[in-house]
Amino acid sequence: MDERIEVQTPEEAVGQRIDAFLSGRLDMTRSRIQQLCEDGRLLVNGTPVAKNYKLRRNDAVELRVPPPQTMELIAQDIPLQIAYEDADLIVVDKPRGMVVHPAAGNEDGTLVNALLYHCGEEFRGIGGVARPGIVHRIDKDTSGLLVVAKSEVAHQKLSEMMKEHSVTRRYRAVVHGRVKTDSGTVDAPIGRHPTDRKKMAVTERHSRQAVTHYQVLEHLDGFSYLELELETGRTHQIRVHMAYLGHPVAGDPVYGPKRYITALNGQCLHAATLGFPHPVTGMPIELESPLPDYFTSFLAKHRKG
């Protein structure tokens with residue numbers, strides 16, 4: 001059965017496009033609202049409207065959202081590079097190119113599919129059906145360390161640690177240009193891009209605080225090699241913050257320059273260090289992941305001299 005969302009147009013929304021208004025008001029992307037509109041599920045005063053409809057005074061808006069399609073999670077025998085594992089959690093060194101959990105367009109071949117095979121059926125229900133065990137993510141084209149819960153207790157505690165920023169996450173990245181200051185902090189809120197809903201951006205509108213600390217490790221020919229530490233964990237945070245500084249991550253197809261770097265098939269970004277107290281025993285865990293070949297090759301190519 002469809003979920004019905006009813007909204008009475010407030011005075012300040014008069015004249016706004018209906019898709020932009022609903023995107024800002026609801027936890028839903030603009031593209032999703034546009035799709036529902038094309039399906040005839042967006043009504044104003046009982047009549048379907050176009051996605052560019054301009055709201056009028058006292059308009060009664062109704063959005064009919066169909067129930068989510070269930071996605072069957074299947075176990076797949078996919079090799080995993082395991083950095084640490086016990087009864088409560090597993091830390092995986094994810095290769096570049098692997099998606100963390102199934103979604104539209106990536107129904108299988110993901111880290112979750114591999115973990116279902118590795119951990120067994122009891123893993124399936126940890127922390128929810130769609131993303132079992134997942135407490136944080138790294139992008140498909142980012143390599144490195146990711147912790148996943150194997151018990152409900154661990155899932156709850158690790159989720160709390162992420163919210164409290166008590167998990168150490170340090171990355172290595174190569175960015176365009178010469179970063180002039182040896183170290184610094186980017187404290188700039190991140191939210192959905194105002195015109196491209198597939199992207200994130202530094203914005204004050206419908207955003208959340210985002211803090212990234214960085215240190216220059218080496219100046220390269222046309223690039224800088226950085227270590228970055230996340231204080232918060234927003235979607236695409238490092239990529240957005242570096243682009244905001246004018247130093248986008250090398251190879252970033254979304255936030256970087258249009259010219260394609262043939263030596264990279266995705267951004268040069270690696271989750272190198274992960275540290276946290278064990279969610280059950282309290283034992284400190286700190287793990288390091290060596291730079292993968294694509295990263296070291298790119299460094300070698302662009303070292304001066």
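Some points to look at:
- Residue in the stretch 117-136 that is without any contact (Cβ under 8 Å) to a residue 12 or more places away in the chain and either touching a helix residue (DSSP H, G or I) at 6+ places or on another chain (Cβ under 8 Å) or under 30 Å from residue 18 (Cα atoms) (or both) present: no
- Flag for residue 126 being under 15 Å from the mean Cα position of the chain (by Cα), surrounded by 19 or more Cβ atoms within 10 Å (Cβ to Cβ) and more than 13 Å from residue 276 (Cβ to Cβ): no
- Per the listing 56, 32, the residue uniquely within 20 Å of the chain's Cα centre (by Cα), open to solvent by 70 Å² or more (accessible area, probe 1.4 Å) and among the basic types (Lys, Arg) is 32.
- In the set (1) open to solvent by 50 Å² or more (accessible area, probe 1.4 Å); (2) among the polar types (S, T, N, Q); (3) not in a loop (DSSP other than H, G, I, E, B), residue 273 fails one condition alone, (1).
- Residues in the stretch 4-59 that are hydroxyl-bearing (Ser, Thr, Tyr) and part of a helix (DSSP H, G or I): 23, 31.
Residues are listed down the side, and each one gets a yes or a no for (1) in contact (Cβ under 8 Å) with a residue 24 or more places away in the chain; (2) within 16 Å of residue 96 (Cα to Cα); (3) open to solvent by 10 Å² or more (accessible area, probe 1.4 Å); (4) among the hydroxyl-bearing types (Ser, Thr, Tyr):
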residue	(1), (2), (3), (4)
226	yes, no, no, no
234	yes, no, yes, no
239	yes, yes, yes, no
259	no, no, yes, no
263	yes, yes, yes, no
282	no, no, yes, no
287	yes, no, yes, no
291	yes, yes, yes, no
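- Looking only at residues in the stretch 91-102 that are of a type outside the set (Lys, Arg) and within 16 Å of residue 169 (Cα to Cα), the one that is most open to solvent (accessible area, probe 1.4 Å) is 93.
- Failed condition for residue 85, given (1) closer than 30 Å to residue 138 by Cβ; (2) within 23 Å of the chain's Cα centre (by Cα): (2)
- Test: residue in the stretch 96-105 that is at pLDDT below 90 and farther than 30 Å from residue 275 by Cβ: yes
The values are calculated or read from the model by the stated rules, or taken from the named source; none is laboratory data. Please read these numbers as outputs of a predicted model, since none were measured by experiment. Note that each Cβ is placed from the backbone with ideal geometry, even for glycine, and that neighbours are counted across all protein chains shown. Just so you know, the surface numbers come from the protein's heavy atoms only, side chains and all, with ligands and any DNA or RNA stripped out. Shrake-Rupley method; radii C 1.70, N 1.55, O 1.52, S 1.80 Å.
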